[in-house]
Every structure is written in C-alpha cells, then in structure tokens.
Amino acid sequence: MKITTPEFKSNAVEALKNQTLQKALSHVEEGFIDKRQMAADALPEFETLRDNARDIKNHTLSHLDLYLEAYEEKVIESGGHVHWAQTAEDARNIVLDICRKVGAKTVTKGKSMISEEIGINDFLEGEGIEPIETDLGEYIIQLRNEAPSHIIAPAVHVLKEQVEEDFRATHTHLPEDRNLEEPETLLDEARTVLRQKFLDADVGITGANFLIAETGTSIIVTNEGNGDLTQTLPKVHIVLASLEKITPTLEDVSQILRVLARSATGQDMSVYTTFSTGPRRESDVDGPEEYHVVLLDNGRTNMVGTEFQDMLRCIRCGACMNHCPVYHAVGGHAYGWVYPGPMGAVLTPSLTGVDKGGQLPNASTFCGRCEAVCPMRIPLPKMMRHWREREFERNLNPTAQRFGLKFWAWFAKRPRLYGLGAKIAMRGLAIMAGSKGRLSFMPLGRGWTKYRDMPAPEGKTFQQMWAEKQVGKT
Amino acid sequence: MSARDAILSKIRNQVAGDEDQTARRAAVANRLATAPKGTIPARGQLNTRDRLKLFCQRAEAVSTTTVTVKSYDDVPEAVAEYLRNRNLPQAVRMGDDERLGGADWSKTPALTKDVGPSDGSDLVGLSHATCGVAETGTLVLTSGSQNPTTVNFLPENHIVVIHVSDIAGDYETALDQVRQMNGKGRMPRTVNMVTGPSRSGDIEQKILLGAHGPRSLHIVVVDD
C-alpha cells in the first residue's frame, strides 16, 4: 500500500473538509468512550489487571527470544509449521508459496492488521489468487478499494448509505428493487454472499491476537465468527502474526483478555475467543489439514531493548484512537499508513522510519487521554516526544520550526531575559487585543488566528505568580 | 544465517547482550512450567448455586437464552421445545458426544439428529460444552468428533448443553480443565470460548446480531 504519511498535513486538511467523513467520525465518540468506561467501572480489579497485563508483556519482551523458541517448538510438536519473515516481502512470498503448493484460487481472510501491513491482498491478486475479506468492515472497504481507517472498526469512516451503494454496485446478481435501507438488511446480504465464499476457499488467512508459548497456540478474538469460518473450512490455515504477540501461558493470556475487550468495544468479553493449535487431529472431523504460522519482524527487532520497546506491549484494542481528539477530527486515513491514532503515531515512525512517519508524533496535543486508557499502560505521549527529539536531531523539521525552537531555547536558557521578554510580550498582546480581550491577528501566529481568535493574556505571568508564592517559604 | 537465527540473535543482543543466559533460560522455563496465576476477579468466586446464577445472568446480558433441566434425559424435550418456540423444524446437527447421545431421545420421536460435521446446510447445531465461565457467561467448546467445530459456527442457531459442575468461576480454572484433557502443554486443535451469539458493529457502530456465526445461542444447563 502506498504510504502517504509524509503528506499528513494536507491529508488532515482534506479530512476536516470532508462532510461525510465528519458525520461518520461522530460515531467513534458515541460508540466507544462511554462503553469502555462502563465496562471498566463494572470490574473492580480492572486497574490491577492493567498492571498485570503490562508486567506480563514486559517480562515476555525481555525474554522474547526464548519465548519465541519455546513457542516454535510447541507448534512443530503439534504438527504445525513456523515461518520466520524478516520483511514484509519475505512474508508475502511465504504466503504465496503455501498457496501455490495447494493450487489455491481463492483465499478467505479474517481481520488482520499484519495482512494490511504487508499488503498481502494486492500481492495475491497480482499473482492470480483472489483474496476475500470476510469481516464485515474489511469486506466493505475491500469493495471500496480503501485501507482500514481504524484498527478494530476498519469501515468506521463509511456511512450506511455508502455501504448500500457499494453492495448494489457489487452484488449485481441480486434483485435491483431489494430493500437495503437498514443496517440489518446490509448485514444479511453480506452474510449470504460471503457464506459461499467461506465454503469454496482453498486457504484461510487469519491474524493472531496472541501466540501462547506454553502450548504453541494462536488466538483470535472476534465478534462476527468470520475468523472461525475462515480458519475452519479451507484445507490450509495460515496465521499472520508479528513477533511481539507472544504471551507465555494460558494464565497470562487470561489476564490480558480481561482488559482487551473492555478497552476495545466495552464488552466484558468478545463473542469468540478461539484457540488454534496445529492442524486437524485424528479425532477431528473438521478443521484444516495444514497449519502455518508466519512470524513477522518488519522492524520490530529494532525496537526491542530501546526506548520504544514499550510500544510492543500494544494489543491493538484501539482505545487510544477512540479517545484521541486528533483522531476524532481527522479520522484514520489522514495518518497515511496502516496504524492510525496515538499508537500509529509511535509505531509508524518505528516501522517505516522517522523520515516518512515523523509528522505523526507531532499530531498530538499531549492531552494524555491515550495513555490514561491504554490497557497495557503504554506511555504513548512520552514516546511521541522521543520521536520529536529524533526528528529534531536529524534535521527533519522545517527551517522555520527549527529556527523558532532555537530562538525559544536561547531565551529559555536565560531566565531573567525570558521573564522580562514574557512580561513585555504579555503587555503588548493585551494592548493589541484592546477591550475585546481577543486577538484576531498575532505576529508569527497566523496559523492559529486564521481559524480562531487567541484569548489575550491577562493578569500576571506564571513566573510572577510563582515568585510571589515562594515568598515566606523557607 | 537463516531468517530465524537472524531474528533471534538480534533480539538476544538487544535485550540481553551481556546477561547470564542460564538465568534467563531458567526464568522462562519456570514460568512455562508453573504458569503462575495473576489476579482473579472476585465476581466469579462463588459456591456452585451462585456461580450457576451468575453464569446465566452474564450469558443473558449478551443476548444468550438459558434454561435449566434436571437430567440429561430432559435435554431432548428442552431442545424440542426451543425449536417449537422459534418455529424451527425439529432437526439438529450434532457430533457423537456420549453425554448427548446417551440421553433418552425416545420421548421426542419427531426430532431428527444428524451426526457429523456441518456442511452449512443445517439450521440448528447442538453441542456439549467442555466447560463454562461464570464471570462473563462464556462457554468453552473443544474440537473433535464429539463436538465438531463447524457445528459451532455454520448453523443459524446454536444450542449448547453444559453440566453444572463444569461451570467455573474464572477463565484460569476453565482453561486449566482444558489443559488437563490432553496433559499440560497439549491443547485440542480448536478451543472456542463463546460469549453470546455472533454480532457486528461495523456499520455505523450499531451492534447487530447474526453476523457470520449463529444468530441465536441457547444454553441448556444440566443441573442434576
């Protein structure tokens, strides 16, 4: 997929102008925030479980090499295959090889962000194999030839009227006068159309929410049941997973499951949590004959052992973007790659390079809501700051911004001059604002005043107030 | 160097370049062997009666329906009644589960049972759960000829029988029961934790039941 992350600013401007998108985005706030809060409040142990989840992943990441080895051994023991992929290209070729060996014509797919990351759909299509997304949201955006705009609600940017248009344009074998006004009828139609695809597919590809080292098991957490049909019906099940999905034991995964769905959709538990271990056994009468796991690195080993390792705790619940004012305003596509919102702002530069993804960590007000709701307690704002520092160190910001920062730093290192300058600037701004108390124009601040007034400073400066408070203290 | 070795050695270098590898290996082996439990929510830690009550309550909160019967011999009538109430034909798809097969089906002669995996043409699937979890009203089903996985997902309606003694308070207890089936570290091919009927919120975040899996889920608890 084409990365448009460097064009984040112009993407964001377009997104703000897009009325349809703005209407669709209103559902994010309605749909997720209150539900998460209610689910968290209803479980007294929720905060402790967040601590445990963080600790489990920290332990795992600091022993990641060993847990990966243990996991691989168990997969092989249960009759499955493990393929190691250093790059997206390696992963695509591994998948293609497996498909070719069984002469696959169609591949059904459960929802997988890794499959988006490696761009498997376009690749398979180019090789003459038809990929079919089966998660309702993913199916909708596949018809629209779009990328997901949210990691758990990929079609959150689409209105139901648009879904109706897409279904009418694609499902041309159905009567034209059918009623598709309600979401229920749209869901029914997708169910019927996709049912046959599930039964016909030669290979099923799913992602993985967790890989369990103790048992060699992959886990998917879903609501629709499409992932289960995807992995149960075809001859071959391929799991696409990144290295950091490893979790030591069934007990550990139980802890994290309790915070996953609550943080994501506000459910206590998603409808289907499915554990898969190896291919069909002798005692089985259904299930795949082959089970393959593709373990993807694609830049993650650059993060372990660095200040970005905490990001690898992420379990892709989407809570950070659900609570992000920037995501609410511009949606997911503006971020320009696979991962949007705060987690994307940290992960994208990590995986694609700060030269491409550097704008994203700047698209934050540092309000801190993302960190406050992250079930894995990932310090997202702190890591965005790390990226801003790297960007500055590598001279990647625009000249004006660099000059501004250096100018400010010069003053900041000279406190008396800074205090004096601030006092003068404050008075000046107050005089400029006059009786209105607002500024509609500000020197060097047109980016701000173009869209709204700047409230004029009043009273004393922070430093003055601070100095007064110190008087009398010892 | 193979991709595998390159990845593993890079990780090792970065997370534990100069650490004692023996101690690291011991830490991992110990955690895998002892599988320490974390925090277990108090919610599910109840006596059998209250656990059953909580299990049904949590299941009903996510649009599952439940009924309790006194013995396995009452299961066929409970199934037949459910089908009548929902205007469904008297036919179920099921595996060769011994507890289900051993029930007295003579009282429901009109009810046909097709045994084997589902091919997608069945309206109703009947399964026996391995266990359940009261804290979220979750069923745990395991694959095999007794309860094929396709029966859990392809039919429009799913009826699941569970024995009251198999309802655990928490996930850890239930998963440990699954672990004991084949010995530690050996899982059945598929374990399905099911919490309510299939649903999707992908169109404008409105939750609708019956996405790709069953549109309805009915639990029959055997409380003998």
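The values are calculated or read from the model by the stated rules, or taken from the named source; none is laboratory data. This structure is a prediction, so every number in the text was calculated from the model and none was measured. As a convention, Cβ positions derive from the backbone with ideal geometry for all residues, glycine included, and neighbour counts pool all protein chains shown. Just so you know, the surface numbers come from the protein's heavy atoms only, side chains and all, with ligands and any DNA or RNA stripped out. Shrake-Rupley method; radii C 1.70, N 1.55, O 1.52, S 1.80 Å.
Some notes on this structure:
Residue-by-condition table, conditions (1) over 19 Å from the mean Cα position of the chain (by Cα); (2) buried (at least 20 other Cβ atoms within 10 Å of the Cβ):
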| position | (1), (2) |
| --- | --- |
| A:Asp252 | yes, yes |
| A:Gln255 | yes, yes |
| A:Ala264 | no, yes |
| A:Ser270 | no, yes |
| A:Arg280 | yes, yes |
| A:Asp286 | yes, yes |
| A:Glu290 | yes, no |
| A:Asp297 | no, yes |
| A:Glu307 | yes, no |
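- Failed item in (1) over 21 Å from the mean Cα position of the chain (by Cα); (2) more than 28 Å from A:Asn93 (Cβ to Cβ); (3) open to solvent by less than 10 Å² (accessible area, probe 1.4 Å), with A:Val193 passing the rest: (3)
- Considering (1) touching a residue at least 24 places away in the same chain (Cβ under 8 Å); (2) away from chain B (no Cβ under 12 Å), the lone condition that A:Asp177 does not fulfil carries the number (1).
- Of all residues in segment A:251-293, those satisfying the criterion of being among the small types (Gly, Ala, Ser) and more than 8 Å from chain B (Cβ to nearest Cβ) are A:Ala261, A:Ser263, A:Ala264, A:Gly266.
- Test: residue in segment B:200-210 that is closer than 29 Å to A:Glu251 by Cβ and facing chain A (nearest Cβ under 7 Å): no
- Taken across segment B:178-186, residues that are under 30 Å from A:Thr192 (Cα atoms) and either more than 10 Å from chain A (Cβ to nearest Cβ) or among the polar types (S, T, N, Q) (or both) do not occur at all.
- Where B:Thr136 falls short, out of the listed (1) touching a helix residue (DSSP H, G or I) at 6+ places or on another chain (Cβ under 7 Å); (2) assigned to a loop (DSSP other than H, G, I, E, B); (3) at negative phi; (4) open to solvent by 10 Å² or more (accessible area, probe 1.4 Å): (4)
- Count of residues meeting criterion [in a loop (DSSP other than H, G, I, E, B) and either closer than 13 Å to A:Ala88 by Cα or in contact with a Ser or Thr (Cβ under 6 Å, 6 or more places away or on another chain) (or both)] in segment A:102-111: 1
- Pair list, Cβ under 8 Å, 6 or more apart: segment A:63-79 residue closer than 10 Å to B:Ile11 by Cβ, other residue assigned to a helix (DSSP H, G or I) and acidic (Asp, Glu): A:Leu64/A:Glu244
- Test result for A:Gly137, out of contact with any Lys or Arg (no Cβ under 6 Å at 6 or more places or on another chain), crowded, with 24+ Cβ neighbours inside 10 Å, of a type outside the set (S, T, N, Q) and modelled with pLDDT of 95 or more: yes
- Complete set of residues in segment A:19-30 that are open to solvent by 10 Å² or more (accessible area, probe 1.4 Å) and either touching a residue at least 60 places away in the same chain (Cβ under 8 Å) or not in a helix (DSSP H, G or I) (or both): A:Thr20, A:Leu21, A:Lys23, A:His27, A:Glu29
- Odd one out for B:Ser165 among (1) closer than 17 Å to B:Thr48 by Cα; (2) open to solvent by less than 10 Å² (accessible area, probe 1.4 Å): (2)
- Residues being more than 12 Å from every other protein chain (Cβ to nearest Cβ) and either touching a residue at least 12 places away in the same chain (Cβ under 8 Å) or assigned to a loop (DSSP other than H, G, I, E, B) (or both) - total across segment B:102-124: 15
- No other residue among B:Val160, B:Val178 is aliphatic (A, V, I, L, M) and either part of a helix (DSSP H, G or I) or touching a helix residue (DSSP H, G or I) at 6+ places or on another chain (Cβ under 7 Å) (or both) apart from B:Val178.
- Residue count for segment A:324-336, restricted to those that are in a loop (DSSP other than H, G, I, E, B) and either at pLDDT below 95 or open to solvent by less than 10 Å² (accessible area, probe 1.4 Å) (or both): 3
- Single residue of segment A:215-250 satisfying the filter (farther than 27 Å from A:Asn52 by Cβ and open to solvent by 10 Å² or more (accessible area, probe 1.4 Å)) that is nearest to the other protein chains (Cβ to nearest Cβ): A:Thr232
- Residues of segment B:70-85 satisfying the condition of being under 9 Å from B:Val222 (Cβ atoms) and either in contact with an Asp or Glu (Cβ under 7 Å, 6 or more places away or on another chain) or open to solvent by 60 Å² or more (accessible area, probe 1.4 Å) (or both): B:Lys70, B:Ser71
- Each residue in segment A:59-92 was checked for being surrounded by fewer than 16 Cβ atoms within 10 Å (Cβ to Cβ) and either within 21 Å of the chain's Cα centre (by Cα) or more than 9 Å from chain B (Cβ to nearest Cβ) (or both), and 4 pass.
- Failed item in (1) aromatic (Phe, Trp, Tyr); (2) modelled with pLDDT of 90 or more; (3) closer than 30 Å to A:Lys17 by Cβ, with A:Tyr451 passing the rest: (2)
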